Each structure stands twice: as structure tokens, then as C-alpha cells.
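Have a look at the structure below before the remarks.
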Amino acid sequence: MPTIKTSKEEVLQKSMLLIWQKGYHDTSIGDLATSLGMHKSHFYYYFKDKEDLMKEILSYMLVQFTQMLNRIVENPELDTAGKLQKLAAKIERFYDVDGFSNGCLMANTALESVGKNYAFLPVVRNFFSTFIQYLSRIYAEKLPLEEANLLAVRAVQEVEGAILLTRIFADKTYLKQALERLAV
């Protein structure tokens, strides 16, 4: 196999897509190396093991998601309804991989890791906390803070459940309906 020079960011992005498709436990470092056209040893140049790789993938994803949320929440040109509509549209695109949802990588990884003490689980928790916090900030523009917090938690629960149902039934209607309710 020819050695292909790749950046750490490229390895993260391509690894993220493969793990998103196959799952954390069903993806080996060998699978990742093959998909990138490189030797397994090249992975160990950047990451000490697969768990370290996953932590970096999820951290990278968290940063991208947080930046997207922040741009929406801090946009002075959008009112509350506009922020919620923009967020719903971004979420729909965010979870659409290759034209159809492979689910939420954070939720998929959390489910695969139940009962384990992986170093990346705090990143997963942080992802959902961040999602709830930003959504609560938007709802708090029109509602009392306590009500905004409760609504944000419910909305994230509903969106994540809808992502799961979209994947199980191969029907995007579940996610579309949940996102419509998110933006109300």
C-alpha cells in the first residue's frame, strides 16, 4: 500500500465519517487506515489508540457544532423564530450524511459505550449540555428561564429520538416533524 501524506484534520474528518457509518466498535484502526490509503502506523503518529482518536473526533465535532450554534444565537439579524428556523435547517443538514441520516454520532457513540468508562464520554455529555444550553438561550428570549430550560431539554430529547427513528425506519419525516416543532 502506498503511503499517502495526510494531515491530522483530514484523518479526523475521514475517520469521523467511517465511524459514523460503521460505529465505534465495528471500526478498526486497520479499517480507518485502509479507507485513507495509509499504513496503520501512521495513525499512531497522531493518536495513541482508537479511544484517543475517538475523543479527538468528538471534540472536533463539538467545536464545529458549538461554533454553528454560537453564530446562530449571536446573530443580531435574526429574531427568536428566525434563530430556531435556522437551527432546525442546520441540524437537518448536520445529520444528513450521504443523503440519509446515519444518526447522531454523539448519541450512537454514547449508546455503544454504555457501561464503559471511555475517556471520550465527557465530550459526549458536553455536546448534549451545549446543545441544551444554546437552545435554552434562544427560548429564553421569549420565555422565563426555567421554562426555556425545560423546553430546551425536551426539544433535544425529541430531536435525538427523531434522529433514531429516522434511522430505524429510513424515513426522514420523523426528523422533519421534530425540527418543525423545535422551531415553533
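The values are calculated or read from the model by the stated rules, or taken from the named source; none is laboratory data. Small disclaimer: the values here were computed from a predicted structure and weren't measured. Because the Cβ atoms are built from the backbone with ideal geometry, glycine has one as well, and the counts that use them run over all protein chains shown.
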Selection count, region 1-37, where residues are assigned to a loop (DSSP other than H, G, I, E, B), of a type in the set (S, T, N, Q), modelled with pLDDT of 90 or more and surrounded by fewer than 18 Cβ atoms within 10 Å (Cβ to Cβ): 1
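Residues are listed down the side, and each one gets a yes or a no for (1) among the polar types (S, T, N, Q); (2) under 19 Å from W20 (Cβ atoms):
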{"residue": "L111", "(1), (2)": "no, yes"}
{"residue": "V114", "(1), (2)": "no, yes"}
{"residue": "V123", "(1), (2)": "no, yes"}
{"residue": "N126", "(1), (2)": "yes, yes"}
{"residue": "I132", "(1), (2)": "no, no"}
{"residue": "A140", "(1), (2)": "no, no"}
{"residue": "G161", "(1), (2)": "no, yes"}
{"residue": "K172", "(1), (2)": "no, yes"}
Within region 120-161, residues being aliphatic (A, V, I, L, M) and free of Cβ contacts under 8 Å to residues at least 12 places away in the same chain number 5
I57 passes all but one of (1) touching a residue at least 40 places away in the same chain (Cβ under 8 Å); (2) surrounded by 16 or more Cβ atoms within 10 Å (Cβ to Cβ); (3) closer than 24 Å to E141 by Cα; (4) among the aliphatic types (A, V, I, L, M); which number fails? (3)
Residues of region 170-181 satisfying the condition of being closer than 18 Å to I72 by Cα and either buried (at least 16 other Cβ atoms within 10 Å of the Cβ) or modelled with pLDDT of 95 or more (or both): L179
Could you say which residue among K176, K142 is in a helix (DSSP H, G or I) and touching a helix residue (DSSP H, G or I) at 6+ places or on another chain (Cβ under 8 Å)? K176
Give V184, V114 a once-over and let me know the one that is over 30 Å from T27 (Cα atoms) and either out of contact with any Leu (no Cβ under 7 Å at 6 or more places or on another chain) or at pLDDT below 95 (or both). V184
Show the residue pairs meeting these rules: Cβ distance below 7 Å; 6+ apart or different chains; first residue within region 104-119 and among the hydrophobic types (A, V, I, L, M, F, W, C); second residue outside any helix (DSSP H, G or I). C104/Y95
Which numbered condition K40 misses (of (1) at positive phi; (2) surrounded by fewer than 18 Cβ atoms within 10 Å (Cβ to Cβ)): (1)
Residues of region 63-76 satisfying the condition of being at pLDDT below 95 and surrounded by 17 or more Cβ atoms within 10 Å (Cβ to Cβ): F65
Read through the list (1) within 30 Å of D49 (Cα to Cα); (2) modelled with pLDDT under 95; (3) in contact with a helix residue (DSSP H, G or I) (Cβ under 7 Å, 6 or more places away or on another chain); (4) surrounded by 18 or more Cβ atoms within 10 Å (Cβ to Cβ), then give the number of the only condition that R167 fails. (3)
Checking the structure you have, find out if any residue of region 72-81 is among the charged types (D, E, K, R) and touching a helix residue (DSSP H, G or I) at 6+ places or on another chain (Cβ under 7 Å). no
